[in-house]
Amino acid sequence: MAEDQSYDLSRFKATYFEECSELLASAEETIARLQEGSEHPEDDLNALFRCVHSIKGGGGAFAFEDLVHFAHVFETSMDALRSGRAQLTPHVGDILVRGNDVLGDFVRAAQEGATLPADHGAEVKALLAGIISGEAAAPAKPAPTAPAAPVAVSTEPGYATWKIRLIPAAGLLRTGNDPLLMIRELASLGEMNVAVDRSQLPPLAEMDAQNAYLSWTFTLVTDKGRGAIEEVFEFVAGDSADVVIEQIGAEVDAQEGDGWGLFAPLPPAAETVAAPTPVAASAGATPPPAATHAPPAKGGDTGAGGIHTSSIRVDLDRVDRLVNMVGELVITQAMLGQQASGFSIESHPELVQGLQELSHHTRELQESVMAIRAQPIKALFSRAPRLVRDLSAKLNKQARLVMSGENTEVDKTVIEQLSDPLTHLIRNSLDHGIETPEERIAQGKPAEGTIHLGAEHRSGRVVIQVSDDGKGIDRKRVLEKAIEKGLVDRGAQLTDEQIDQMIFAPGFSTAAQVSDVSGRGVGMDVVRRNIQDVGGRVVVQSTPGEGSRFILSLPLTLAVMDGMLVAVGNERYVLPLTNIVESLRPNAQQARTLVNVGDVLTLRGDYIRLIRLYDLFGIKNAITETTRGLVVVVETEGGDRIGLLVDELLGQQQVVIKSLDSNYRPVEGISAATILGDGRVALILDVGALRIMGERLNRSQVEAAANAEAAE
């Protein structure tokens with residue numbers, strides 16, 4: 001008996017499920033393009049077919065039979081669309097969306113080791129079968145099976161006859177591949193005869209149940225091209241099996257060009273097929289990860305060995321460890337730089353030059369590592385069109401989605417935190433912002449509302465905007481609800497910005513009744529919490545009757561940043577370099593105090609608010625006279641500028657970001673912390689929060705002064 005071998009499939013399955021996630025997202029995006037009127041529908045249908053086919057092929061390798069059976073019907077329906085036997089109507093597009101959802105259910109069930117009900121997806125499967133038959137609403141037809149006995153086949157116009165020889169390697173079954181699934185799939189392409197070669201079967205006592213001994217010859221009459229036949233065997237051709245395809249009938253139709261050229265036809269063989277010697281499988285054979293396949297370079301390579309890849313998959317944990325090590329390297333480099341700050345290039349030229357090179361290489365390494373974690377936000381945005389369509393139909397509203405900046409790259413960790421906030425913001429725009437068609441027409445607006453979803457890099461951060469041309473925030477209604485819930489006192493005088501921020505309070509909602517879309521006061525709280533968790537902020541801009549804009553400002557990375565170290569008394573703070581506009585030592589004419597406003601700085605004819613950091617954080621021994629200190633002018637994400645009074649600038653340097661939330665607790669005005677070269681901890685300032693704190697402090701000081709004057 002052959003030696004029993006076992007394989008750990010867990011890592012291959014992990015790779016398969018990662019790729020399934022990407023393929024399902026790509027399929028959803030492709031379906032959305034088709035529904036919106038794709039410029040290249042044929043290419044998109046082919047891309048969609050390949051996504052489902054790759055998922056099915058991998059599922060077959062791991063014996064996920066329910067997944068494979070559904071995926072087979074799904075891809076067959078798309079083949080009907082590709083060939084023109086069925087038309088892509090809006091109804092058919094909706095069926096494809098539901099088909100992708102059900103396929104995702106089967107993938108998740110396989111990943112979790114769960115078993116779905118036997119009838120799960122039966123309705124959608126029937127609709128997909130209706131596409132195949134040309135009747136989108138027709139019930140599902142039984143899956144075609146290989147005939148038990150040879151049947152007579154005839155060649156009609158547009159059809160061709162093919163002879164296919166499948167000669168498995170001895171270890172085929174060990175790789176998780178099932179010849180029966182391939183035979184059934186081949187039979188679905190047309191009418192087929194099957195001849196089995198049993199000549200390699202050993203005596204029963206010598207038989208190894210894990211070895212493959214049978215080979216097959218198929219005669220297939222089909223209107224499909226060579227490409228469709230090649231796709232049946234694409235996961236086993238080469239190392240796991242020999243596949244020979246030759247045409248013996250009418251000329252091939254135009255679909256022949258769909259194939260990838262993985263199988264080269266041999267010269268015509270005699271009618272009687274001699275049983276070949278099976279190809280021995282290597283003892284160390286491992287199952288393929290069953291993922292996305294890319295066509296080889298044209299004109300050349302055939303077989304599995306000719307396909308090359310320019311990327312690899314790496315666990316995110318490994319990348320995180322690399323990022324952390326780069327962060328520690330940055331700290332060490334800063335420490336060495338500080339220790340050597342007393343050396344001159346004349347006294348220690350090689351040391352100083354070496355430290356400069358170390359600094360340069362450390363920065364390049366940091367940027368390269370950050371680039372590994374960066375991903376286009378496109379995958380996240382691709383879910384939005386469907387969300388808008390589904391909610392518009394549910395709410396009886398008309399809305400179109402406009403997207404921009406889909407290729408903006410963001411740290412993967414940041415992207416993972418954006419899914420729920422974007423979903424809730426779009427739901428909020430549709431439910432509370434966009435009016436009904438009748439209301440919009442009455443206001444002189446087009447019946448169809450517009451939601452814009454955009455992303456861009458700005459000042460070293462990524463800015464995502466969700467805006468609409470709806471009715472805007474009803475601040476009177478928001479304030480009434482806030483008073484009703486005890487969030488503010490009745491009679492309190494709040495600015496528009498303060499009222500707008502009320503919508504982010506936990507449990508806050510202005511919906512008249514609870515529905516499956518809104519009313520529970522959960523969504524906007526999730527938006528703010530998730531964004532704050534990654535060091536971001538949410539800015540709200542709303543104009544009654546014209547619409548609202550939600551601006552999410554997030555860091556490009558959560559690991560390393562460029563900062564300016566400033567001194568305030570005995571404390572050290574870091575200002576993000578991307579927020580700094582300029583710095584200056586103001587004169588007496590520039591530094592002023594305005595009635596009912598507070599401290600301001602006049603700069604080239606403009607007034608900007610002046611915030612004294614020593615006053616804000618209660619720091620002693622700091623410079624209090626504006627003309628003796630330095631003012632650093634910084635810009636917030638909303639475009640506002642403020643001036644921060646500090647004692648001095650200590651220099652620019654890279655700093656490693658350490659979360660305060662996870663290591664201590666949230667601190668207003670502080671986004672994170674870092675470790676300096678001398679081992680001291682410095683706090684990284686949150687410019688947007690400083691502006692709000694400064695305005696609040698100025699108001700309290702103005703009120704205190706007014707009360708003191710009134711008392712006199």
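The values are calculated or read from the model by the stated rules, or taken from the named source; none is laboratory data. Worth saying up front: this structure is predicted, and the values here are computed from it rather than measured. Virtual Cβ from ideal backbone geometry, glycine too; neighbours counted across all protein chains shown. Just so you know, the surface numbers come from the protein's heavy atoms only, side chains and all, with ligands and any DNA or RNA stripped out. Shrake-Rupley method; radii C 1.70, N 1.55, O 1.52, S 1.80 Å.
Check segment 246-267 and report whether any residue there is outside any loop (DSSP other than H, G, I, E, B), modelled with pLDDT of 50 or more and in contact with a Pro (Cβ under 8 Å, 6 or more places away or on another chain). Looking through segment 246-267, at least one residue is outside any loop (DSSP other than H, G, I, E, B), modelled with pLDDT of 50 or more and in contact with a Pro (Cβ under 8 Å, 6 or more places away or on another chain).
Just checking, which of 15, 89 is open to solvent by 30 Å² or more (accessible area, probe 1.4 Å) and either closer than 30 Å to residue 173 by Cα or without any contact (Cβ under 8 Å) to a residue 40 or more places away in the chain (or both)?
15
Using the structure shown, decide if residue 86 is over 29 Å from residue 177 (Cα atoms) and assigned to a loop (DSSP other than H, G, I, E, B). Considered against the rule, which asks whether it is over 29 Å from residue 177 (Cα atoms) and assigned to a loop (DSSP other than H, G, I, E, B), residue 86 comes out as yes. Determine, yes or no, whether residue 327 is open to solvent by 60 Å² or more (accessible area, probe 1.4 Å) and out of contact with any Pro (no Cβ under 9 Å at 6 or more places or on another chain). For residue 327, the condition - open to solvent by 60 Å² or more (accessible area, probe 1.4 Å) and out of contact with any Pro (no Cβ under 9 Å at 6 or more places or on another chain) - is not met.
In summary, residue 702 fulfils each of the numbered conditions (1) part of a strand (DSSP E or B); (2) in contact (Cβ under 8 Å) with a residue 24 or more places away in the chain; (3) of a type in the set (A, V, I, L, M, F, W, C) with the single exception of condition (1). Restricting attention to segment 185-220, the residues that are free of Cβ contacts under 8 Å to residues at least 40 places away in the same chain and surrounded by 14 or more Cβ atoms within 10 Å (Cβ to Cβ) total 1. Scanning segment 634-655 for residues being farther than 19 Å from residue 536 by Cβ, of a type outside the set (Asp, Glu) and out of contact with any Lys or Arg (no Cβ under 6 Å at 6 or more places or on another chain) gives a total of 10. Inclusion of residue 357 among residues that are modelled with pLDDT of 80 or more and among the acidic types (Asp, Glu) is warranted. Summed over segment 63-80, residues that are open to solvent by less than 10 Å² (accessible area, probe 1.4 Å) and not hydrophobic (A, V, I, L, M, F, W, C) total 2.
Can you give me the number of residues within segment 33-49 that are part of a loop (DSSP other than H, G, I, E, B), within 15 Å of residue 90 (Cα to Cα) and not hydroxyl-bearing (Ser, Thr, Tyr)?
The qualifying residues number 2.
Screening residue 601 on (1) open to solvent by 20 Å² or more (accessible area, probe 1.4 Å); (2) outside any loop (DSSP other than H, G, I, E, B); (3) in contact with a Pro (Cβ under 7 Å, 6 or more places away or on another chain) shows it passes everything except condition (1).
Just to be sure I understand the filter: pairs with C-beta atoms under 6 Å, separated by 6 or more residues or on different chains, first member in segment 162-183 and closer than 20 Å to residue 200 by Cα, second member open to solvent by 10 Å² or more (accessible area, probe 1.4 Å) and among the acidic types (Asp, Glu). Which pairs pass? Listed pairs, sorted by first residue: 167/242. Checking each residue in segment 629-669 for being in contact (Cβ under 8 Å) with a residue 24 or more places away in the chain and out of contact with any strand residue (DSSP E or B) (no Cβ under 9 Å at 6 or more places or on another chain) picks out 666, 668. In this structure, residue 466 does satisfy being closer than 22 Å to residue 503 by Cα and not in a helix (DSSP H, G or I).
Suppose the filter is surrounded by fewer than 15 Cβ atoms within 10 Å (Cβ to Cβ), in contact with a Ser or Thr (Cβ under 9 Å, 6 or more places away or on another chain) and closer than 28 Å to residue 28 by Cβ; does residue 402 pass it? Judged against the criteria, residue 402 is a match.
Of all residue pairs spaced 6 or more apart or on separate chains, those with beta-carbon atoms under 9 Å, a first member in segment 581-598 that is within 19 Å of residue 694 (Cα to Cα) and part of a loop (DSSP other than H, G, I, E, B) and a second member that is among the basic types (Lys, Arg) and open to solvent by less than 70 Å² (accessible area, probe 1.4 Å) are 597/609. Filtering 698, 707 for residues that are open to solvent by 70 Å² or more (accessible area, probe 1.4 Å) and either closer than 19 Å to residue 461 by Cα or out of contact with any helix residue (DSSP H, G or I) (no Cβ under 9 Å at 6 or more places or on another chain) (or both) leaves a single hit, 707.
Restricting 701, 653 to those that are among the polar types (S, T, N, Q) and either within 18 Å of residue 577 (Cβ to Cβ) or under 39 Å from the mean Cα position of the chain (by Cα) (or both) reduces the list to 653. Among the residues of segment 420-464, the one identified as of a type in the set (Asp, Glu) and open to solvent by less than 30 Å² (accessible area, probe 1.4 Å) is 435.
Among the residues that make up segment 580-594, is at least one of them buried (at least 16 other Cβ atoms within 10 Å of the Cβ) and under 30 Å from residue 320 (Cβ atoms)? The answer is yes, given that some residue of segment 580-594 is buried (at least 16 other Cβ atoms within 10 Å of the Cβ) and under 30 Å from residue 320 (Cβ atoms). Within segment 8-18, the set of residues being assigned to a helix (DSSP H, G or I), over 12 Å from residue 111 (Cβ atoms) and charged (D, E, K, R) comprises just one member, 11.
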